[in-house]
Amino acid sequence: MKVIAIFYYGIQRERIMQKFRYIIWFLLPLGLFAQQKTDSVKVVNLQEVQVKEQQFKFNIQSLPATKGTFLYVGKKTELINVAGLDANIAEKTPRQIFAKVPGVFVYDMDGSGNQINVSTRGLDPHRGWEFNIRKDGVVTNSDIYGYPASHYSMPLEAIQNIELVRGTGSLQYGSQFGGMLNYVAKQGDSTKVFDFESTNSIGSFGLLSTYNAVGGQVGNMNYYAYYCKRVSDGYRDNSGSDYDAFSAQVTYRPTQNLSIKADLSHSKYVFQLAGQQTDAMFAANPRASIRSRNFYSPDIYVPSVSFNWSVGNRTKLSWVTSAILGSRNSVMFDKNADVVDKIDPITLQYTNRQVDIDNYHSYTSELRVLHEYRVGKLPSILVGGVQLMNNNMHRRQQGKGSTGNDFDMRIVGSWGRDLHFKTQNIAIFVENRIYLTQKMAVSPGFRIESGESIMSGMISYYDASKFPHAIPHRFPLFGLNADYQLTLKQNFYAGFSQAYRPVIFKDIIPASIYEKSSDNLKDANGYNFEVGYKSNFENLRVEMTYFQLLYKNRLGTLAQTDENGAFQIFRTNIGDSFTKGLEMFTEYYIRINDIANFSVFSSNSLMEAKYLEAEILSGEKNVSIKGNFVESTPQFISRNGLTFRYRKLSVTSLFSYTAKSYADALNTVQASINGSVGLVPSYGILDVNATYRISSKILLKFNLNNATNKQYFTKRPQFYPGPGIWASDGRGFTLTISTRF
């Protein structure tokens, strides 16, 4: 993109500075010099300066060495510039958003952009619960120890960047195997008192979306607020959704070294669940629905207060206090796909549905410090901090709901389960980056967590004295990262970090009278290991990473007999799994002339995830699954794209391929009658996305999703929203217009 900045004295200079401030910062000293001369002697007119700039040459980069009080160097990291994507932002299509992140597995069935379900390295993508998910550094997982899924759903129109740190970041951010996924929100334009942004979309399957935001700078105060509304009929019958979200943030800077930020964000959606399908149903009509009375709705508030303080030139301190307040609600006729939801000929009514409600009261306070110091002539960086959590999760399930058709959370009688899960936890973490030479550094670190979860309440079909009341969480994690700067633009890195996942609420509670949970459930633990090379030349970006992930004490079910000799399903730790693989990314940029260029990229992951010593329930007996593939772990994921830019037009074509996977640990190939187990076939999806900037204030986007109308599904879930096939969307389009004044 060619930009000409003309720098004049007086009013013209101020106007151009407002409009082209990011180009002419380097001219400010000259401008000040000219103004000083004017006050004393005469007016000086600067000569015309010509600057050429290409925006978004690469819209994915590695994170910087440090940012605030976070240390990123020596780890595999990605920074996605959302604003530079041609992707379908309105519906948050993950395969497009994360196209350039190798190995991202997408669980794609959750409605019109309601939720992002992604994972890496063979982990479970359900609501991203293997990640430590954050928004501007604020933890958004609903309850790390109770139910770690992230139910908070922010509109991507509000997001500037997405930051991803793989599992070797589990010391600094949280103990999760997946690492950290941080959404960086937009802020108010610091050059304007008032700025208005509006993004509106229409699309297939009844999509209507509007996002409206205001922001600006008043003195030392920056503000930004938005409201988003999105409705859709859904690709399948009976799959409509209604989404609302808002956020308001104010950042006050009393001095250059101190900022105080207050933020209140909220999201809520009601999603009608079309119901799972059998293989025969899917083959006949993937859009067909077997349920019309099933609804799911999370309603989440995220308040937070953040302090950031630069204590001198070498020390930074941050303190974030936040909460997750809200609920996860569902009312469902919760049966397998081969069970018909029909009117009883005697009562002339449907069967009563099941009502489940989770209430979250999760509080987190995290104090972090980053200090730069020297050992001799070599620099070092020390980061450390403490994190406090105090959570109370109230779970009410198996309520007898209404026989109606609408989203009705009323129940008849009492709950089948009414439980509280209260957790108090403290974590202390330290990581120290030490240079051994000018080019090589190591970063040893540790994380120590200590806490306890207390469970209380009742289960109608189970003796409350038989499930554990106090569950301790006390464990140390250790890790070591290293990196070698081969040249200014080439880097080698390697890392090892232990990881931990606690036994969560749903693992402890028996699902029915026929099940029993072990009194000695063990928390999952293991490690991440990675070694990689990355380069970032002017027109070429390359990264290759080899990784290993050991996941010990996986949960599953076994067969046993009770004290009376009766058959019983026993939920316990079934064994360990080991994943190894290679992640590869290449992007090449070619400049044709001043007004045209294109880039081509390939993002690939080869992965093998298998069980080690493990056994699982099959029928009424236990069988070994040693050597079996871990469920929902495709061995090959590849995304390849081409972007062509001409003047104000950008067009991207993307082909995404995901290899076959298995739905269960037994690696069942032949699908069951109800579709709950069986092979998940491979699939390839073609998307075409375009962006056209009509003017500096108006932007137009067009997205053709699944251009070949591939009928596919990504997973056969074993629990929510029900075992069976959940068809993904066929061909559709979105048209978006954005304005800013």
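The values are calculated or read from the model by the stated rules, or taken from the named source; none is laboratory data. Treat the numbers as computed from the prediction; the structure is a model and nothing was measured. Please note: Cβ atoms are built from the backbone with ideal geometry, for glycine as well, and neighbour counts cover all protein chains shown.
Every residue, every condition in (1) farther than 30 Å from PRO254 by Cβ; (2) of a type outside the set (Val, Ile, Thr); (3) touching a strand residue (DSSP E or B) at 6+ places or on another chain (Cβ under 6 Å), yes or no:
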residue: ILE300; (1), (2), (3): yes, no, yes
residue: PRO303; (1), (2), (3): no, yes, yes
residue: PHE333; (1), (2), (3): yes, yes, no
residue: ASP338; (1), (2), (3): yes, yes, no
residue: ASP344; (1), (2), (3): yes, yes, no
residue: THR351; (1), (2), (3): yes, no, no
residue: LEU370; (1), (2), (3): no, yes, yes
residue: LEU382; (1), (2), (3): no, yes, yes
With the requirement that a residue be closer than 13 Å to PHE570 by Cα and hydrophobic (A, V, I, L, M, F, W, C), what does the range 617-631 give you? LEU617
Of all residues in the range 631-648, which are in a strand (DSSP E or B), β-branched (Val, Ile, Thr) and over 13 Å from ASN597 (Cβ atoms)? ILE637
Single residue of VAL331, VAL320, VAL355 found to be of a type in the set (Val, Ile, Thr), over 30 Å from TYR461 (Cα atoms) and in a strand (DSSP E or B): VAL320
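Assess whether GLU587 counts as being at negative phi and either surrounded by fewer than 18 Cβ atoms within 10 Å (Cβ to Cβ) or among the β-branched types (Val, Ile, Thr) (or both).
Details: at negative phi: yes; either surrounded by fewer than 18 Cβ atoms within 10 Å (Cβ to Cβ) or among the β-branched types (Val, Ile, Thr) (or both): no.
Considered against the rule, which asks whether it is at negative phi and either surrounded by fewer than 18 Cβ atoms within 10 Å (Cβ to Cβ) or among the β-branched types (Val, Ile, Thr) (or both), GLU587 comes out as no.
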For the range 662-695, how many residues are part of a loop (DSSP other than H, G, I, E, B) and either in contact (Cβ under 8 Å) with a residue 24 or more places away in the chain or among the aliphatic types (A, V, I, L, M) (or both)? 16
Can you report the number of residues in the range 366-396 which are of a type in the set (S, T, N, Q) and either buried (at least 20 other Cβ atoms within 10 Å of the Cβ) or not in a strand (DSSP E or B) (or both)? 2
Among what's in the range 262-294 and is charged (D, E, K, R) and without any contact (Cβ under 8 Å) to a residue 60 or more places away in the chain, pick the residue that is nearest to ASN674 (Cα to Cα). ARG291
Just a yes or no: is a residue in the range 591-613 touching a Leu at 6+ places or on another chain (Cβ under 6 Å), in a strand (DSSP E or B) and not hydrophobic (A, V, I, L, M, F, W, C)? no
Could you tell me which numbered condition LYS522 fails, if it satisfies all but one of (1) surrounded by fewer than 15 Cβ atoms within 10 Å (Cβ to Cβ); (2) in contact (Cβ under 8 Å) with a residue 60 or more places away in the chain; (3) of a type outside the set (Ser, Thr, Tyr)? (2)
Checking the structure you have, find out if any residue of the range 649-660 is more than 27 Å from GLN711 (Cα to Cα) and either in the same structural domain as TYR588 (by TED's automatic domain parsing) or not in a loop (DSSP other than H, G, I, E, B) (or both). yes
Consider ASP195 carefully, then state whether it is within 16 Å of ILE159 (Cα to Cα) and assigned by TED's automatic domain parsing to the domain that holds SER696. no
Examine the range 229-236 for a residue that is hydroxyl-bearing (Ser, Thr, Tyr) and touching a helix residue (DSSP H, G or I) at 6+ places or on another chain (Cβ under 8 Å), and state whether such a residue exists. no
Are any of the residues in the range 172-189 closer than 25 Å to ALA494 by Cβ, over 15 Å from the mean Cα position of the chain (by Cα) and outside the structural domain of LEU549 (by TED's automatic domain parsing)? yes
Pairs only if they're at least six apart or on different chains, beta carbon under 7 angstrom, first in the range 462-490 and without any contact (Cβ under 8 Å) to a residue 24 or more places away in the chain, second aliphatic (A, V, I, L, M); list them, first residue then second. ALA464/MET458; HIS469/ILE454; HIS469/MET455; ALA470/ILE454
Any idea how many residues of the range 203-259 are buried (at least 21 other Cβ atoms within 10 Å of the Cβ) and within 19 Å of VAL320 (Cβ to Cβ)? 3
Of the residues in the range 693-709, those that are of a type outside the set (Gly, Ala, Ser) and either under 23 Å from the mean Cα position of the chain (by Cα) or surrounded by 15 or more Cβ atoms within 10 Å (Cβ to Cβ) (or both) come to ARG693, LEU699, LEU700, LYS701, PHE702, ASN703, LEU704, ASN705, ASN706
Here the residues within the range 397-413 that are touching a residue at least 24 places away in the same chain (Cβ under 8 Å), small (Gly, Ala, Ser) and in a loop (DSSP other than H, G, I, E, B) are GLY401, SER402, GLY404
Any pair with Cβ under 8 angstrom, 6 or more apart, that starts in the range 624-645 at a residue that is in contact (Cβ under 8 Å) with a residue 12 or more places away in the chain and farther than 15 Å from ILE97 by Cα and ends at one that is assigned to a loop (DSSP other than H, G, I, E, B) and among the hydroxyl-bearing types (Ser, Thr, Tyr): SER632/TYR107; PRO634/SER682
Within the range 278-295, does at least one residue satisfy the condition of being touching a helix residue (DSSP H, G or I) at 6+ places or on another chain (Cβ under 9 Å), part of a loop (DSSP other than H, G, I, E, B), of a type outside the set (Phe, Trp, Tyr) and more than 19 Å from SER153 (Cβ to Cβ)? yes
